[in-house]
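Input: a single structure, listed below in structure tokens.
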Amino acid sequence: MNTLKRAAGFLWMVVALGAIWFLLSRGIHELSADKVTPDKKIFWWSILPVYIPLMLGLILFGWYAWKGEYDELETD
């Protein structure tokens with residue numbers, strides 16, 4: 001079970017990094033378009049500051065899982 005937790009931790013880190021990359025690249029693409037409407041500006045300027053820290057927290061959670069902080073103690 002501990003190996004599964006560690007593998008899941010690594011997976012969470014990869015997923016969170018991918019989500020950050022996707023959000024930033026999509027936001028930059030949308031905001032650098034020729035015609036940017038105010039609703040797109042409001043959307044991206046409210047989404048990025050909320051979801052980027054959430055994904056950083058997910059990376060931290062994955063890091064701790066990968067390092068074994070959530071491992072069960074083995075008892076005989």
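The values are calculated or read from the model by the stated rules, or taken from the named source; none is laboratory data. Note that the coordinates shown come from a computational prediction; the quantities given were computed from them, not determined experimentally. So basically every Cβ, Gly included, is an ideal-geometry build from the backbone, and we count neighbours across all protein chains shown.
Looking for whichever is touching a Leu at 6+ places or on another chain (Cβ under 9 Å) and at pLDDT below 95 here; the options are 5, 41. Which one fits?
On the way: 5 fails: touching a Leu at 6+ places or on another chain (Cβ under 9 Å).
Answer to the check: 41.
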ask   = What is the one condition in (1) among the hydroxyl-bearing types (Ser, Thr, Tyr); (2) under 20 Å from the mean Cα position of the chain (by Cα); (3) in a helix (DSSP H, G or I) that residue 70 does not satisfy?
value = (3)
query = When the stretch 24-68 is examined, which residues are found to be surrounded by 13 or more Cβ atoms within 10 Å (Cβ to Cβ) and either basic (Lys, Arg) or more than 30 Å from residue 8 (Cβ to Cβ) (or both)?
reply = 26, 30, 31, 40, 43, 44
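Among the residues of the stretch 34-67, how many are over 14 Å from the mean Cα position of the chain (by Cα), within 30 Å of residue 2 (Cβ to Cβ) and either part of a loop (DSSP other than H, G, I, E, B) or not aromatic (Phe, Trp, Tyr) (or both)? Steps first, answer last, please.
Just the residues of the stretch 34-67 that are over 14 Å from the mean Cα position of the chain (by Cα), to begin with: 34-46, 64-67.
Among the residues that remain, those that are also within 30 Å of residue 2 (Cβ to Cβ) are: 64-67.
Filter again for either part of a loop (DSSP other than H, G, I, E, B) or not aromatic (Phe, Trp, Tyr) (or both), leaving 65, 67.
Summing the residues that are over 14 Å from the mean Cα position of the chain (by Cα), within 30 Å of residue 2 (Cβ to Cβ) and either part of a loop (DSSP other than H, G, I, E, B) or not aromatic (Phe, Trp, Tyr) (or both) in the stretch 34-67 gives 2.
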